[in-house]
Amino acid sequence: MINSRRMTTRAAWLSAILVTTSVVAVPAAQAQAPAEINAALQAAYGKYKTLQAGKNADYIPALAKVDPNLFGIVLVTADGTVYSVGDVTTEVSIQSISKVFTMAQVMGEQGPDVIANTIGVDATGMRFNSIIAIEGVKATAGAGAPEMNPLVNPGAITATSMVKGATSNEVWARIIGIENDMAGRQLTVLQDVYQSESDTNQRNQAIGALMLAYGYIKSNWQQAVDLYTRQCSIGVNAKDLATMAATLAFGGRNPVTGKVVLDAKIVPGVLAVMATAGLYDDSGKWLFRTGLPAKSGVGGGIIAVSPGKFGIAVISPPLDDAGNSVRAQNAIADISKALGGNPLAAKPRS
Ligand code: GLN
């Protein structure tokens with residue numbers, strides 16, 4: 001490139017600087033030694049293992065029965081190396097973390113902008129199952145971009161309704177398919193959670209019916225709510241979640257299996273929505289603290305993404321008032337800080 005005849009002297013000069021810089025820069029993937037990563041994981045695990053703050057979600061009865069002491073941390077790097085500490089094999093229900101992948105599936109099927117143009121990508125500033133948030137959208141309809149996003153229940157149920165498929169089974173195959181590919185293994189639904197949530201999800205049914213009434217869901221809201229409930233009941237362990245996070249960290253290619261799961265074009269949009277709304281109405285606080293696009297679920301999992309560096313996940317069921325795992329937030333914040341994971345923090349040039 002530097003030798004190209006058409007290149008101006010100035011451009012060649014700039015290009016030479018860039019080449020020189022990239023030679024001396026440490027590639028992001030090699031920024032941390034394995035010992036440093038293990039030490040960061042161990043330190044966070046030791047520090048928060050006995051922290052007793054928060055409480056299991058209990059509005060879905062099955063979630064109240066999960067062991068609150070369950071605590072596992074997994075971090076996956078560019079070469080697919082899996083670092084872990086604590087319980088990394090026990091499954092919990094993925095819950096709202098599934099919303100990320102259904103959103104990605106819809107973007108993959110209909111283009112990167114489809115979610116922004118239909119559901120919206122703005123924070124509601126309200127709880128994840130707020131009905132007032134839906135009424136707010138209705139009140140401002142036509143007055144600008146919708147203030148909604150696919151990571152709160154109304155937007156998530158709508159996103160599920162947008163996944164292609166002639167039958168419920170066909171839609172489900174696509175939903176579980178993308179989750180399997182992100183995790184790198186065959187996942188299954190935790191039937192007790194699915195049953196428990198199906199028996200008690202009248203509020204989500206109301207949300208589905210309202211989203212149909214206001215034109216977001218085009219038809220069959222019952223099917224959308226059922227598939228949404230099923231996707232939330234998929235069982236995952238901390239390694240599954242960290243692999244999913246790492247697939248987002250490395251442009252849509254699962255670094256453990258090598259499979260390209262998402263078109264790299266849609267990944268920045270997915271991460272932007274996670275940064276905006278991944279931890280519900282505490283998303284701003286979280287971004288301020290860590291800079292990391294992330295997503296929580298009421299099953300106790302949180303995934304977080306340091307683009308180009310690592311994907312991390314923690315499972316610990318007790319939640320704070322906003323519905324986010326207390327130990328998971330603390331552990332991820334500490335580990336990312338120790339490893340320089342904040343994508344918003346650039347070192348001043350010397
Ligand atoms: N299935 C749950 C619900 O709809 C998901 C909520 C969550 O994880 N925040 O209430």
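Readers should treat all values here as calculations from the given coordinates under stated rules, not as data from a laboratory. Everything numeric in this text was worked out from a predicted model, so none of it was measured. Every residue, glycine among them, receives a Cβ derived from its backbone with ideal geometry; neighbour counts consider all protein chains shown.
Worth a mention:
- Taking a straight line from the alpha carbon of LYS138, these aspartates and glutamates sit under 14 Å away, with near neighbours fewer than eight places off in the same chain left out: GLU147.
- Normalised per residue, the volume of the convex hull around the Cα set of region 31-339 (Å³): 111
- Hypothetical label at MET126: residues of region 155-189 whose amide nitrogen lies under 14 Å (7 Å Cα-Cβ projection): 155-156
- Length gained when the stretch GLN42-TYR59 is fully extended (0.36 nm per residue, less Cα-Cα span): 2.9 nm
- Potential lengthening of the chain between SER198 and ASN220 amounts to 6.3 nm, from the contour at 0.36 nm per residue minus the alpha-carbon distance.
- Rg/Rg_globular for region 230-342, with Rg_globular taken as 2.2 N^0.38 Å and Rg from C-alpha atoms: 0.98
- For the chain, the longest principal axis of the Cα atoms and the long axis of helix 267-277 meet at an angle of about 60 degrees.
- Hydrodynamic radius (Kirkwood) for region 223-293, which is based on Cα pairs only, to one decimal in Å: 13.7
- Charge dipole (the chain, unit charges on Cβ, about Cα centre) - positive-most of ALA44, LEU187, ILE234: ALA44
- Nearby lysines by direct alpha-carbon distance to LYS65 (threshold 26 angstrom, same-chain neighbours under 8 apart not counted): LYS47, LYS49, LYS55, LYS99, LYS239, LYS295
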